[in-house]
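Undergrad: This is the structure I have questions about; it appears just below.
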């Protein structure tokens with residue numbers, strides 16, 4: 001069974017290098033200068049793409065949450081006001097689009113509502129990301145499907161039957177499923193990385209991983225489990241203000257993460273036992289010519 005789809009000019013799936021996505025999300029705190037530094041960090045580290053998020057606050061913020069007050073970089077304000085300040089509009093995404101093209105790095109976004117999906121689709125992205133929170137939103141899933149673009153679906157906060165229903169709507173021909181646990185940061189004991197194997201057994205599409213844990217080893221450990229895509233949040237500083245910062249990887253860590261993933265890919269090989277060229281000399285030195 002061949003598991004692969006094409007995202008931009010890259011094939012993603014079995015037999016191809018892991019597609020590494022640096023999730024900027026909302027870690028920019030509404031500042032385009034931070035965006036530029038994070039995109040550059042992703043490019044320098046060797047990531048394949050950067051990802052953002054797009055919401056229409058009026059459609060996405062629950063009524064009970066809108067007037068809740070919180071400390072923000074803009075002062076002590078209501079949650080709805082904060083959500084509006086953190087969102088980028090056309091001018092900012094035009095700049096993001098321009099900057100990513102100049103650096104020759106792919107970008108796409110998670111869309112949390114129909115209006116946001118239509119907005120992002122206008123930039124002709126190579127794929128769309130469906131966030132875990134929207135996995136049970138049947139009408140929105142259909143809108144994603146109808147774009148005709150490759151889709152990446154995170155599966156946090158979901159039971160297996162809910163994932164099956166979502167996949168039944170989206171189809172598997174142009175889909176990547178990401179195992180995910182939606183905790184920020186996620187305790188290691190809740191990562192359940194063996195779920196990657198379960199998803200590979202159940203669904204015929206490429207399977208990846210979206211991680212929110214602290215540290216790198218558990219993310220690298222997904223490579224021998226067969227992931228085709230790895231997504232991690234990135235930040236300039238894990239101590240920065242923001243709900244996702246502590247579950248993110250700083251630029252130096254991102255360099256190491258990409259390097260470790262590529263090292264493990266190289267070391268895994270193809271599973272066919274053979275005598276390597278470096279072993280042949282050792283045979284002459286160490287293996288007796290006849291039984292002793």
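Any read-out appearing in this document is the output of simple, stated calculations on the displayed coordinates, not a laboratory observation. Since the structure is predicted, the reported quantities are computational estimates derived from the model, not experimental observations. FYI the Cβ positions are ideal-geometry reconstructions off the backbone, even for glycines, and counts take in every protein chain you see.
Undergrad: Normalise the Cα radius of gyration of region 22-68 by 2.2 N^0.38 Å (N = residues in it) and let me know the number.
TA: Working: Rg = 14.0 Å, N = 47, 2.2 N^0.38 = 9.5 Å.
So region 22-68 has a normalised radius of gyration of 1.48.
Undergrad: Quote the relative contact order of the chain in percent (integer), defining contacts as alpha-carbon pairs under 8 Å separated by 6+ residues.
TA: Working: 495 pairs, mean separation 58.7, N = 292.
Taking the mean separation of contacting Cα pairs over the length of the chain, I get 20 percent.
Undergrad: Please give the peptides 257-264, 90-97 ranked by average Cβ packing (other Cβ atoms within 10 Å per residue), highest first, as a rough proxy for protection. Numbers along the way, then the final one.
TA: Numbers: 257-264: 17.5, 90-97: 14.4.
Packing proxy ranking, top to bottom: 257-264, 90-97.
Undergrad: Per the Debye formula with a single identical scatterer at each Cα and no solvent contribution, what log10 I(q)/I(0) holds for region 79-184 at q = 0.09, 0.15, 0.17 Å⁻¹?
TA: -0.25, -0.69, -0.86
Undergrad: Moving on to the next point. Between region 125-198 and region 34-67, how far is it from one alpha carbon centroid to the other, in angstrom?
TA: Result: 18 Å between the Cα centres.
Undergrad: Which value in deg cm²/dmol, rounded to the nearest 500, describes the helix-derived mean residue ellipticity at 222 nm for the chain, given -39,500 (n - 2.57) per DSSP H run of n ≥ 4 and division by the residue count?
TA: Details: 11 runs with 108 residues, N = 292.
Theoretical 222 nm ellipticity from helices: -11000 deg cm²/dmol.
Undergrad: Which residue fluctuates most in the GNM of the chain (Cα springs below 10 Å): 13, 215, 252?
TA: 252
Undergrad: Springs between alpha-carbon atoms under 10 Å, Gaussian network over the chain: tell me which of 131, 62, 185 tops the mean-square fluctuations.
TA: 62
Undergrad: Quick check on the exposure proxy: order 117, 216, 268 from fewest to most C-beta atoms within 10 angstrom. Walk me through the numbers before you get to the answer.
TA: Details: 117 23, 216 18, 268 11.
So the residues, fewest neighbours to most, are 268, 216, 117.
Undergrad: Then there is this: Taking one equal scatterer on every alpha-carbon of region 73-123, how large is log10 of I(q)/I(0) by Debye at q = 0.12, 0.14, 0.15 1/Å?
TA: -0.35, -0.47, -0.53
Undergrad: Among DSSP bridges having both ends in region 4-286, what percentage is antiparallel? Round to the nearest 5. Display every interim value, and only then the final one.
TA: Details: 8 of 39 bridges.
Restricted to region 4-286, the bridges split so that about 20 percent are antiparallel.
Undergrad: Just rank 100, 47, fewest to most, by other beta-carbon atoms within 10 angstrom.
TA: If I rank by nearby Cβ atoms, fewest first, I get 100, 47.
Undergrad: Give me the mean projected area, in nm² to one decimal, of the convex hull enclosing the Cα positions of region 4-286. Show your work: numbers first, answer last.
TA: On the way: hull surface 67.6 nm².
Averaging across all directions leaves 16.9 nm² for the Cα convex hull.
Undergrad: Ok, one more. Could you line up 219, 235, 106 from fewest to most neighbouring Cβ atoms inside 10 Å?
TA: On the way: 219 23, 235 27, 106 20.
Fewest-to-most Cβ neighbours within 10 Å comes out as 106, 219, 235.
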